[in-house]
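Peer 1: Got a structure for you, questions after.
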Amino acid sequence: MDVITENRATEIWNRCLNIIQPQLKPLTYKTWFEPIVPTNIEGTLLTVQVPSSYFYEWLEEHHFDLIQQAIRDVLGDQAQLQYAVQIPRDDGMNMGRSQAVQTVGQLSIPNPAPRSLSVSAPVEPFVTNLNPKFTFESFIRGDGNQFARAASLNVANNPGETAFNPLVLYGGVGLGKTHLIQAIGNQVSMNNPRKRVYYVSSEKFTIDFVEAIEKNRTIDFSNFYRSMDVLIVDDIQFFSGKERTQDTFFHTFNTLHQLKKQIILSSDRPPKDLKGLDERLISRFQCGLTVDIQPPDLETRIAILRKKAEGDHIEIPQDVIEFIASNVKSNIRELEGCYIGLIARHTLEQCPLDVALAEKVLRNIISSEKKDITVEQIQKIVADHFKIQENSLRAKTRKQEIVLPRQVAMFLSKKFTRASLKTIGLHFGGRDHSTIIHACKAIERGVGVDDSLRQHVDQLEKQLSYIVH
């Protein structure tokens, strides 16, 4: 075939696409029509190449009428369309369009009779499987995930062009791994709409592979995954023990990596600790960048709850947010679950949004029994609050900047611990019980007349109440 003929075929097909594109959703068009390559034109017979027989069958089943009408509008009623299906070798080596086609199936459709597709059953197009809500903007950055977010953003803006290939994010359940890896995919799609981005869980990958074996379509399966520009696989630990799936993924990984396509993986542990995986696969996983995500700290948990409330246009009192954030520490998923439970109770039962309601919601998460708090803990919290040395509370000094915090610490020790006055006195440099009583009375009087002191005590009591609940 000469260049002139190929150019003519391209011109004809582009005219067809101009008719087809306005009638489809952008994602459907990108997925099913952009990969088609016109290769030849002979009279009214146009030949186009598609990636696989699965691809051809989908077009025939779901877009036959649209394609037929476009071809006839451009070439007339006698127009014919012929598909050339490219089939790669199924040995782990990719066969790109620029390479020789080993086997080409000619599937002619000589002026077929019109077929009607049911409009009552809408066709589900191929999608990236990405959740559009998972973006970098909606991801709350904290000390535990800052590096993972930075690495993910770098990959999203330079897919396949950095040393971070693959990028592996690992960490416990509900820490934001899935959010981050999908944020990469969404960012790539936004920056490069023509790139083929696909998100899949390892379980879905395995199910699809088993189905491909049963239907004798492993070549189509491999061809599909190896056509991606960015492949995102979640929870790779579930590949454990599945030898044939691992072998297929190994070849898919190699092909994409050799073509400088971006691979992004997530796991509940670092690759070196994954049991039941082939060593060569683990080696591939470790050849890029591996980053862990830690549980969110208190400030991050508070920020997450605030952002959720702002997004829902709900005003939640700060003490309620702090109460939830202080008690739900394990992961973000549990934190969001508590938030949803709180809003549901508030909305459905018309309960006020207060700490009492939050306590009810969190009853199954936090212990109903109060935890014992020690005098030493109170001393540390008070010292941190007043920005003084903890040992100064036990010293003999009578400096005012030490006396007031010491009296506050004594007052709180009496209120929040089971320690006797004598025991409390021993913790404050061996002072007797009368000194403790005097300090408590001084603080009780002071909070009634001194706004500044009352604010200090209120803040400290609130902080301690979170600990004992």
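Every read-out reported here was derived from the displayed coordinates using simple, explicitly stated rules and does not represent laboratory data. None of these values were measured; they are calculated from a predicted model. With ideal geometry, Cβ positions are generated from the backbone for all residues, glycine too; neighbour counts draw on all protein chains shown.
Peer 1: Would you list which lysines come within 16 Å of residue 422, measuring only between C-alpha atoms, while excluding same-chain residues fewer than 8 positions from it?
Peer 2: By straight Cα distance, residue 422 reaches 414.
Peer 1: I need the calculated FRET efficiency for the pair residue 143 and residue 426, taking r as the beta carbon distance and R₀ as 56 Å, to the nearest 0.05.
Peer 2: 0.90
Peer 1: Lysine pairs in the range 146-292 with alpha-carbon atoms under 21 Å apart, 8 or more places apart or on different chains: how many are there?
Peer 2: Lysine pair count for the range 146-292: 13.
Peer 1: Right, here's the next one. Roughly what % of DSSP beta bridges within the chain run antiparallel, to the nearest 5?
Peer 2: Roughly 35 percent of the DSSP beta bridges within the chain come out antiparallel.
Peer 1: So which lysines pass the test for residue 360, namely a Cα distance under 26 Å, with those fewer than 8 places away in the same chain ruled out?
Peer 2: The qualifying lysines are 307, 308, 329, 370, 371, 415, 462.
Peer 1: Which one of 197, 388, 162 has its Cα pushed farthest toward the positive end of the charge dipole of the chain, where Lys and Arg give +1 and Asp and Glu give -1 at the Cβ?
Peer 2: 388
Peer 1: Same structure, new question: Under 19 Å Cα-Cα from residue 396, which aspartates and glutamates qualify once same-chain neighbours fewer than 8 residues away are excluded?
Peer 2: Within the straight-line limit of under 19 Å, residue 396 reaches these aspartates and glutamates: 376, 432.
Peer 1: Based only on Cα atoms, what Rg/Rh ratio does the range 157-245 have, Rh being taken as Kirkwood's radius?
Peer 2: 0.99
Peer 1: Here's another thing I want to ask about it. Treating the beta-carbon of each Lys and Arg as +1 and of each Asp and Glu as -1, no other charges, what is the dipole magnitude of the range 146-292 about its Cα centre, to the nearest 20 debye?
Peer 2: The calculation lands at about 360 debye.
Peer 1: Here's another thing I want to ask about it. Report the extension gain between residue 403 and residue 214 in nm, rounded to one decimal, defined as 0.36 nm multiplied by the number of residues separating them, less their alpha carbon distance.
Peer 2: 60.1 nm
Peer 1: I've got another one for you. Find how much the distance from residue 294 to residue 318 grows on full extension, using 0.36 nm per residue of separation minus their present alpha carbon separation; answer in nm with one decimal.
Peer 2: 6.2 nm
Peer 1: Let me ask another. Tilt of helix 202-214 relative to the longest C-alpha principal axis of the chain, in degrees (0 to 90, nearest 10)?
Peer 2: For helix 202-214, the angle is close to 30 degrees.
Peer 1: Write down, largest first, the equivalent ellipsoid semi-axes of the range 375-468 in whole Å, where each equals the square root of 5 times an eigenvalue of the alpha-carbon gyration tensor.
Peer 2: Whole-Å semi-axes of the equivalent ellipsoid: 17, 15, 14.
Peer 1: Equivalent-ellipsoid semi-axes (√(5λ), Cα gyration tensor) for the range 252-370, whole Å, largest first? Walk me through the numbers before you get to the answer.
Peer 2: Details: eigenvalues 340, 54, 28 Å².
Listed largest to smallest, the semi-axes of the range 252-370 are 41, 16, 12 Å.
Peer 1: Next up: How high is the FRET efficiency between residue 452 and residue 4 when r is their beta carbon distance and R₀ equals 60 Å, given to the nearest 0.05?
Peer 2: 0.10
Peer 1: Another question, then. Could you work out how far helix 433-449 tilts from the main Cα principal axis of the chain, as a 0 to 90 degree angle to the nearest 10?
Peer 2: The helix 433-449 is inclined about 60 degrees to the chain.
Peer 1: For the chain, what's the relative contact order in percent, using C-alpha pairs closer than 8 Å and at least 6 residues apart?
Peer 2: Reported relative contact order: 11 percent.
Peer 1: Compute the long axis of helix 375-386 from its Cα atoms, compare it with the longest principal axis of the Cα atoms of the chain, and write down the angle in degrees, 0 to 90, nearest 10.
Peer 2: Tilt relative to the chain: about 80 degrees.
Peer 1: Restricting to DSSP loop positions (anything but H, G, I, E, B) with no more than 10 other Cβ atoms inside 10 Å of their own Cβ, which GluC sites (Glu not before Pro) remain in the range 188-247?
Peer 2: Passing both the DSSP loop test and the Cβ count: no residue.
Peer 1: So, R0 is 22 Å and r is the distance between the beta-carbons of residue 173 and residue 348; what FRET efficiency does that work out to, to 0.05?
Peer 2: 0.20
Peer 1: P(r) tail for the range 298-361, what percent of Cα pairs lie past 17 Å?
Peer 2: The calculated P(r) of the range 298-361 puts 28 percent of pairs beyond 17 Å.
Peer 1: From the P(r) of the chain, could you give the percentage of C-alpha pairs in the tail past 38 Å? Please list the in-between numbers first.
Peer 2: Values: 52792 of 109746 pairs.
Across the chain, Cα pairs with separations above 38 Å total 48 percent.
Peer 1: Given +1 on the Cβ of Lys and Arg, -1 on the Cβ of Asp and Glu, and no further charges, what dipole in debye does the chain carry about its Cα centre, rounded to the nearest 20?
Peer 2: I would put it at about 2060 debye.
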